[in-house]
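The values are calculated or read from the model by the stated rules, or taken from the named source; none is laboratory data. In this text, all values refer to a predicted model and were calculated from it rather than measured experimentally. Neighbour counts are summed over all protein chains in view; Cβ atoms, including those assigned to glycine, are modelled from backbone coordinates with ideal geometry.
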Amino acid sequence: MGKIKTEGRVTLEFEPDLYEISVTVRAEGETSGAAVTAGKKQTEMLLQYLRIQLDILPEQLTAESENVSVPYRDEKYIFSRELLLKIPADNHVREALTEMLSEMQAVSYDIRPKLADESRQKQAALDAAVQNAREKAERLAAAMHSRVTSFDEICTDGMGMQDGVRSAAACAAPRMKNLAADLQNPKIKITGEVTVVWLTES
C-alpha cells in the first residue's frame, strides 16, 4: 500500500439570490441641528419613495449608522445616514431602484450580489476540489501501475469568494450614473482548495 498527495482547486460560479444595496443619504447645514434636520427630511423622503413606489417592506431595510461631521474652517456641517437594503436578485426591481436613487439629490449607493446561504455553494466547491485532486491522484497512480483506493487525509487549504461584477458604488452628486449594465448577469465565484493524501495499492 502506498500514498499519493495531490492538491485540488476549483472555482465555481453561482447566480446570486439577493442584492445588498448600501445607501448613504447626505445633507448640509450651517449648524449641526440644521444638518440633522435636513438629513432626516431627506431620509424620510427616500423611505417614502421606497415604500410607495417600489413596495419595499420595512424588514428589507436596516439603519446602519448616522453621523454629523464637524466642519473645517468655513465649511458646513454634513449629516450622513447609512441604510442597508436587501432585495431579491431581480434585475427589474434592481434597475427600478437604482434609477430612482440616481434621480435623488445627495444620495450614493453601492450594490453587492449575495448568496442568502452560501454553505451549500461552498460545499459544492469543496466537493469539486476533492474530485479534482482525485483525478490527479488517479493519473499519478496509473503511471505507477497502481490504483487509488481511498483517502488517508483531507486538508482544506482555503475558500475564496468574490462577486462577478465590479463595485457599483456611485459618488455623491446631484445625479448619478445608473450602473445597470454592470449588473445584468452578475455571478458569484467560490473557490475550493484542498490537499488530499490518497491511499493506493498495486
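So in the stretch 55-95, with the set limited to residues that are at pLDDT below 85 and not acidic (Asp, Glu), which one is farthest from residue 186 (Cα to Cα)?
Out of the qualifying residues, it is 73.
Could you say which residue among 125, 35, 27, 96 is within 30 Å of residue 150 (Cβ to Cβ) and in contact (Cβ under 8 Å) with a residue 40 or more places away in the chain?
Details: 35 fails: within 30 Å of residue 150 (Cβ to Cβ); 27 fails: within 30 Å of residue 150 (Cβ to Cβ); 96 fails: within 30 Å of residue 150 (Cβ to Cβ).
Result: 125 is the single residue among 125, 35, 27, 96 that is within 30 Å of residue 150 (Cβ to Cβ) and in contact (Cβ under 8 Å) with a residue 40 or more places away in the chain.
Please go through the stretch 104-142 and give me each residue that is of a type in the set (Ser, Thr, Tyr) and not assigned by TED's automatic domain parsing to the domain that holds residue 10, ordered by number. So that I can check it myself, show each step before the final result.
Taking the stretch 104-142 first, the residues of a type in the set (Ser, Thr, Tyr) are 108-109, 119.
108, 109 - these are the residues of the stretch 104-142 that are of a type in the set (Ser, Thr, Tyr) and not assigned by TED's automatic domain parsing to the domain that holds residue 10.
Limited to the stretch 1-39, what total is found for residues that are over 28 Å from the mean Cα position of the chain (by Cα) and in a helix (DSSP H, G or I)?
Adding up the residues that qualify gives 7.
Any idea which of (1) more than 11 Å from residue 106 (Cα to Cα); (2) surrounded by 12 or more Cβ atoms within 10 Å (Cβ to Cβ); (3) over 24 Å from the mean Cα position of the chain (by Cα) is the one residue 60 doesn't satisfy?
Among (1) more than 11 Å from residue 106 (Cα to Cα); (2) surrounded by 12 or more Cβ atoms within 10 Å (Cβ to Cβ); (3) over 24 Å from the mean Cα position of the chain (by Cα), residue 60 violates only (3).
Just checking, does the stretch 35-46 include any residue being in contact with a helix residue (DSSP H, G or I) (Cβ under 9 Å, 6 or more places away or on another chain) and either surrounded by 16 or more Cβ atoms within 10 Å (Cβ to Cβ) or at pLDDT 90 or above (or both)?
Within the stretch 35-46, the subset in contact with a helix residue (DSSP H, G or I) (Cβ under 9 Å, 6 or more places away or on another chain) is 46.
From what's left, either surrounded by 16 or more Cβ atoms within 10 Å (Cβ to Cβ) or at pLDDT 90 or above (or both): 46.
Yes: one or more hits.
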